[in-house]
Amino acid sequence: MAPERSLASLLLPFILSLMSATSVRSSREGFVHCFNLHSKNDTPLSPIIYSPKNPSFASVFDFLVQELRFATPTTPRPQVIVTPLDETHIQSAIYCAKKHGLEIRIRSGGHDFEGASYISKDPFVILDLFKLNSITVDVENATAWVQSGATLGELYYAISKKSRTLAFPAGYWSTVGVGGHLSGGGYGALLRKYGLAGDNVIDAKFINVDGKILDRKSMGEDLFWALKGAGGGNFGVIVAFKIKLVAVPEKVTVFKVSRTLEQNATKLVHKWQYVAPSIHEDLTMALRINNVKSSQAGKQTISVGFESLFLGGADRLLSLMQEKFPELGLVRKDCSEMSWIQSVVVLADIYPAGAPPEVLLNRTAAPKQYTKQKADYVEKPMSVKGIEGLWKVFFQIDPESGAMNWTPYGGRMAETSESETPYPHRARNIFMIYEAVNWNEKDGAVSRRHIDWVRKLYKYMTPFVAKNPRSSYFNYRDYDLGINSKGKTSYKEASVWGVKYFRDNFKRLAEVKAMIDPHEFFRSEQTIPPLFGECSNRETKRPGSIHMLNNT
């Protein structure tokens, strides 16, 4: 018979839980008090700081949660949400979070695939930048300053109001936040002509762990390099970017045509692998692959969408396609000539036909779903047999649940060095793959079935994608690749996932982390750890090291 447990042992878990709750409450109250004292802005704090007692707390948290897997009652909530109106609020939040032992998660658009910008298992504060969304366009110098809380749609719209022949090479989805997108690389329909969004960043305003505001000159080239492909909350808070705008013609051409298996889609996909990465850089012709219901009752087929932006008129495009890809059978009625800003609306795939550019200002236009995503890179074309096997995997999930996007490289992507920015996936690849599954039911069994399917899809693609390491995209964060252990993480441990995102650039990023944030204040499940060694002597020479006033 088991010995009788003492009253103290029975009460211990309750006592520990009570102590933990008391400690958390004390940290929250201490943070709010500290923030109130240190905030140098005359604006009332009520629109800036939200604690769980605030009736708007839940709606502010949920506002930019784009992934429904993380919109459940069990999702960890922050102790406080700070929605800064200027840099002083960010400085105060950093100082007070450090003082009261709270983590900081930084959110600009809320599209993080694993919720890392707004979820932590430890007590934390969300620094939600959506109110910092100002944009200043300089047409004469073809540049712009854009704050991190702006969306890509707001940026595109602001550019279009100033010029019909300037653009910016960033993502398709207009509701994505500028801060996360640009700092992770960022790609879209102009990448073959002008590269990534991060490639076109020329300055930044950044607040470090000590609360100092730095620009490119004062932060130094190592940190500036890191912010153009591995920023994402790893080093500090990016307040704004200065970007280089790019030239586009007044008239561009878009076509979106679909082919099913019954319309020779398999052979078209096979041929696309040879054409799309090598065709003229004025054309980006992406593939959108879905499983859909067949015209035959109870059966599925594959729909392959060829969605393209061409920097020029339809006649020139048709001539090019007839020469390079006649098998697609593109004709004049498939092509629509329009302005660049209109092409942004069309290619976003979330707006109704004929929607005006003003829809880009709606930062909640994208549908919220339960999803799980992954990324891959392809260096050699898949065989027809391999593609046919891929369709069989798609047929194992509900129609219109599975998706793959294939984005062609070549052009500028093949001309840029792998070490130019932290984003290393350049000339060695012919295209990039986005693998995804979505569902609409919150039932746990349904979620597991769909997540298991996308993992099966990922496993099937193993022989056909980049190896040693199998590469992935930092902006498509994927915890299946590995996560940091609780507390301090070694460089070796983090390399399990780090080299998949950054390849040989991971070591340099870890050295930058050692210089900028050696004690890992800015951290998450996939934070780059500090790597000391030759850079360890530079720890006390962080750019802009300052100390806040001691009033608490």
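The values are calculated or read from the model by the stated rules, or taken from the named source; none is laboratory data. Please read these numbers as outputs of a predicted model, since none were measured by experiment. Cβ placement follows ideal geometry from the backbone for every residue including glycine, while neighbour counts extend to all protein chains displayed. In case anyone asks, the SASA skips ligands and DNA or RNA and just uses the protein heavy atoms, side chains included. Shrake-Rupley method; radii C 1.70, N 1.55, O 1.52, S 1.80 Å.
A Cα-only calculation for the stretch 387-475 places Rg and Dmax at 15.6, 47 Å.
A straight Cα-to-Cα reach below 19 Å connects Lys193 with the aspartates and glutamates Glu250, Glu281, Asp282, Glu307, Glu337, Glu415, Glu418, Glu420, residues fewer than 8 places away in its own chain not being considered.
For Leu68, the accessible surface of its heavy atoms amounts to roughly 40 Å² (probe 1.4 Å, protein chains only, rounded to the nearest 10). Here the peptides 448-457, 240-249 are ranked by packing, the mean other Cβ count within 10 Å, and the order with the highest first is 240-249, 448-457. A crude spin-label estimate for the pair Ala355 and Lys492, with each label 7 Å from Cα along the Cβ direction, gives 5.0 nm. The stretch between Tyr274 and Thr165, if pulled fully straight at 0.36 nm per residue, gains 36.2 nm over its current Cα-Cα span.
Distant-in-sequence amide contacts of Arg164, defined by a placed amide H-H separation under 5 Å and a gap of 5 or more residues or a different chain, comprise nothing. Work out the FRET efficiency for Lys131 and Val292 from their Cβ-Cβ distance, taking R0 = 41 Å, and round it to the nearest 0.05. Approximately 0.50, to the nearest 0.05. With the contact rule set at Cα under 8 Å and sequence spacing of 6 or more, what percent relative contact order holds for the chain? Relative contact order here is 15 percent. Which stretch or stretches of the stretch 255-280 have amide N atoms under 18 Å from the point lying 7 Å from Lys299's Cα along the Cα→Cβ direction? Of the residues in the stretch 255-280, 259-267 have backbone N under 18 Å from the label point off Lys299.
Within the chain, the selection of entire DSSP H helices by a Cα span of 20 Å or greater along the long axis and an average Kyte-Doolittle value of at least -0.5 returns 7-38. With 30 Å as the limit on Cα-Cα distance, the pairs of Lys99/Lys205; Lys244/Lys459; Lys98/Lys162; Lys228/Lys267; Lys324/Lys507 that go past it are Lys244/Lys459; Lys98/Lys162; Lys228/Lys267; Lys324/Lys507. Per-residue surface analysis assigns Thr83 an accessible area of about 0 Å², computed on protein heavy atoms at 1.4 Å probe radius.
Using the Cα centre of the chain as origin and beta-carbon charges of +1 (Lys, Arg) and -1 (Asp, Glu), tell me which of Leu223, Gly110, Gln300 is placed farthest towards the positive end of the dipole. Highest projection toward the positive end goes to Gln300. Here the spin labels are modelled as points 7 Å beyond Cα on the Cα-Cβ line, and at Arg455 and Ser56 they lie 4.1 nm apart.
Each 10 Å bin, from zero up to the one with the longest distance, holds this percent of the alpha carbon pairs of the stretch 85-156: 18, 40, 29, 11, 2. Ranking Leu361, Leu155, Leu261, Leu320 by solvent-accessible area of protein heavy atoms (1.4 Å probe, all protein chains present), from largest to smallest, gives Leu361, Leu261, Leu320, Leu155.
Per 0.36 nm of contour for each residue apart, how much would the distance between Lys267 and Asp398 grow if the chain were fully extended, relative to their Cα-Cα spacing?
On the way: separation 131, 0.36 × 131 = 47.16 nm, distance 2.41 nm.
Residue separation times 0.36 nm, minus the Cα-Cα distance, leaves 44.8 nm.
Largest first, the residues Lys492, Lys131, Lys161 sort by 1.4 Å accessible area into Lys492, Lys161, Lys131.
For the stretch 234-329, just say rounded, prolate or oblate: build the C-alpha gyration tensor, square-root its eigenvalues into a ≥ b ≥ c, call rounded for a/c under 1.5, and beyond that prolate if a/b exceeds b/c, oblate if not. Each step should come with its number before you reach the end.
Numbers: a/c = 2.59, a/b = 1.42, b/c = 1.82.
Oblate.
The spacing between the stretch 452-472 and the stretch 380-446, judged by their C-alpha centroids, is 9 Å. In this structure the chain gives 42 Å² per residue of accessible area when probed at 1.4 Å with all protein chains present. Is the stretch 422-515 best put as rounded, prolate or oblate by its Cα gyration tensor, with a ≥ b ≥ c the root eigenvalues, rounded for a/c under 1.5, and otherwise prolate when a/b is larger than b/c, oblate when not? Cα axes put the stretch 422-515 in the oblate bin.
Summing -39500 (n - 2.57) over the DSSP H runs of n ≥ 4 in the chain and dividing by its residue number, what mean residue ellipticity at 222 nm do you reach, to the nearest 500 deg cm²/dmol?
On the way: 16 runs with 171 residues, N = 552.
Taking each H run of at least 4 residues, the total per residue is -9500 deg cm²/dmol.
Given the choices [x] 1.25; [y] 1.17; [z] 1.01, Cα Rg over 2.2 N^0.38 Å derived from the coordinates of this structure is entry [z].
Where the accessible area of the chain is counted over protein heavy atoms with a 1.4 Å probe, how much of it, in %, is carbon and sulfur? Of all accessible area on the chain, carbon and sulfur atoms account for 53 percent.
Is the shape of the stretch 321-407 rounded, prolate or oblate, going by the alpha carbon gyration tensor and its root eigenvalues a ≥ b ≥ c, with a/c under 1.5 for rounded and a/b larger than b/c for prolate? Show your work: numbers first, answer last.
Numbers: a/c = 2.31, a/b = 1.24, b/c = 1.87.
Note, shape of the stretch 321-407 comes out oblate.
Accessible area per residue (1.4 Å probe, heavy atoms of protein chains only) ranks Asp86, Asp128 as Asp86, Asp128, with the largest value leading. Coupling constants for the stretch 471-478 follow from the phi torsions by the Karplus curve (6.51 cos²θ - 1.76 cosθ + 1.60, θ = phi - 60°), and in residue order they are 8, 8, 10, 4, 6, 9, 3, 9 Hz; glycine and proline get x. Rolled with a 1.4 Å probe across the full set of protein chains, the surface gives Trp173 an accessible area near 100 Å².
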